[in-house]
Amino acid sequence: MGLGEHLRQQLAAKALKRQLDRATEEAAAPGVPGAARAETLPARSRFESMPQYQQVKIMREMGDKLRVGSPFFRVHDGVAGATTFIDGREYINFASYNYLGLSGDAAVSGRAKAAIDRYGTSASASRIVAGERPVQRALEKALASFYEAEDCVAFVSGHATNVTVIGALFGPGDLIVHDARAHNSIVQGAQLSGAKRLGFPHNDWQALDELLTRVRREYRHVLIAIEGLYSMDGDFPDLARFVEVKERHGAFLMVDEAHSLGVLGATGKGIREHCGVASDAVDLWMGTMSKTLAGCGGFIAGCEPLVDMLRYLAPGFLYSVGLAPTLAEASLAALERLIEEPQRVTQLQARGRQFLTEAREAGFDTGESAGFAVVPIITGSSVRAAQWSNAMFDEGINVQPIFYPAVEEKAARLRFFICSTHEPEQISRTVATLARIAGR
Ligand SMILES: Cc1ncc(COP(=O)(O)O)c(C=O)c1O
């Protein structure tokens, strides 16, 4: 690409970024700038007039103006793991959380199929009123045992788990403090709960300690929410330090293990195994079934009073359908396989280390990634992230770009999710291909 074309693209990107910032501001405070516009009432009842719609439109325009095809909503035909099929072509795939290759595993699929024959495809209603299926409790008990916790409760979505659990347990008069890079579901849960919400700098337990020293006494209950492995950066917290802080300030600690279950620790038991922290030092172990566990849904493992409260009071459990038996069976089978075959975890960790080492050797900025399943390559601009992602796609490698506003513009990146099933050769080829595209 010539210098003129590159400059043109950068200017177009900047102009669109300004428009997007305006639309985002307007969406966050609807009615204020909208009221200043001379809109007729009928116009206000059209979805096209909503600032949120403008946000989506501008994002789409970005792709058109920057002449990059959209990398979103690609249709995969078959099991997406280390490789995948898109439009009839096979790709090396780095856009899947099938960390241990258990989605598509013959034994896991076989168990899920048998569950369909036995229970049908849906639980059809809430467990409290319409009753349970044995496999739902079996999964919860297996997860409780895996977490060395008293009990566990499963929900139909990981995102909804965070939202409904935080909202059910905390409210006005309470404080929720979360890592600045916490997942949207934690932030949403905190916002909707009515509790005061504060962020603290990423992984900075000292800043959290200082914050709680200042404000703890103003609140009744305090929840500290962190993640086991951060999916944007691939780094993790010093869990033992966070436990000390929570104990010092009389707070609850919640750890979201969406990306650390099956990934961290010698046998995949997550951040507590990696950091050598006892299970009961954490109050709420949250996880999702959609990643390592080859299903769909979320769970909370912890002490009996906690699980009791959630089973009777969390709206996302009480007023929502029970986990589909087929998905519960798939996740139970995946969990059993993870326990029986810890070599999958060892292999995943080796592949992650290989990716990180080779990417660094090629001169890429991998941010703070610790080389466990998630490795970002910082491109420095959204335009470059889109261009590199598209060029990789042309070369038969599927990797997602992360643009502004999901991250700061200068932190735009390609995000690689590594699976135990990636071959070492696929990883080397990927890094070498990106190095060629990036002109290194
Ligand atoms: C940290 C974290 N928590 C919760 C979720 C939501 O999980 P699910 O996609 O299973 O609903 C995600 C999803 O990626 C996540 O990354």
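Of all DSSP beta bridges located in the chain, what percent are antiparallel, nearest 5?
On the way: 22 of 41 bridges.
If we restrict to bridges inside the chain, about 55 percent are antiparallel.
My understanding is that a pair violates if its Cα-Cα distance is over 27 Å; which of LYS113/LYS291; LYS141/LYS196; LYS141/LYS291; LYS57/LYS291; LYS17/LYS196 do that in this structure?
With Cα atoms farther than 27 Å apart: LYS141/LYS196; LYS57/LYS291; LYS17/LYS196.
Whole-Hz ³J(HN,Hα) for each residue in segment 255-265, computed from phi via Karplus 6.51 cos²θ - 1.76 cosθ + 1.60 with θ = phi - 60°, x for glycine and proline: what do you get?
Coupling constants for segment 255-265: 10, 8, 9, 3, 10, 10, 5, x, 10, 9, x Hz.
Can you work out the accessible area per residue across segment 106-340, with the rest of the protein chains kept in place, probe 1.4 Å, in square angstrom? Show your work: numbers first, answer last.
Values: 8990 Å² over 235 residues.
Per-residue value: 38 Å².
Spelling out what I want: for every residue of segment 321-327, take phi, set θ = phi - 60°, compute 6.51 cos²θ - 1.76 cosθ + 1.60 (Karplus), and round to whole Hz; glycine and proline get x.
Going residue by residue, I get 4, x, 4, 4, x, 5, 6 Hz, with x marking Gly and Pro.
Would you work out which of PRO134, VAL56, ALA385 lies farthest towards the positive end of the dipole of the chain? Charges go on Cβ: Lys and Arg +1, Asp and Glu -1.
Result: VAL56.
How would you order 210-220, 249-259, 304-314, 416-426 from highest to lowest mean count of nearby Cβ atoms within 10 Å?
Highest-to-lowest ranking by the protection proxy: 249-259, 416-426, 304-314, 210-220.
How would you order 348-356, 172-180 from highest to lowest mean count of nearby Cβ atoms within 10 Å?
Packing order, densest peptide first, comes out as 348-356, 172-180.
Using a 1.4 Å probe on the protein heavy atoms, what percent of the accessible area of the chain belongs to carbon and sulfur? Could you put the intermediate results ahead of the total?
On the way: 10520 of 19490 Å².
Summing carbon and sulfur atoms, their accessible area is 54 percent of the total for the chain.
Could you do me a favour and compute the accessible area per residue for segment 389-440, 1.4 Å probe, result in Å²?
Values: 2040 Å² over 52 residues.
Each residue of segment 389-440 exposes 39 Å² on average to a 1.4 Å probe.
Restricting to Cα pairs below 8 Å that are 6+ residues apart, what does the relative contact order work out to for the chain? Please round to a whole percent.
Details: 839 pairs, mean separation 85.4, N = 440.
Averaging sequence separation for qualifying contacts and normalising by length gives 19 percent for the chain.
Normalised by the residues of segment 229-350, what does the relative contact order come to in percent, with Cα pairs under 8 Å and at least six apart? Before the final figure, lay out each step's value.
Numbers: 157 pairs, mean separation 27.0, N = 122.
In percent, rounded to a whole number, it is 22.
The values are calculated or read from the model by the stated rules, or taken from the named source; none is laboratory data. Only a predicted model underlies this, so the values are computations on that prediction, with no experimental measurement involved. All Cβ positions, glycine included, derive from the backbone under ideal geometry; neighbour counts span all protein chains shown. SASA here: full protein model, heavy atoms, side chains in, ligands and nucleic acids out. Shrake-Rupley method; radii C 1.70, N 1.55, O 1.52, S 1.80 Å.
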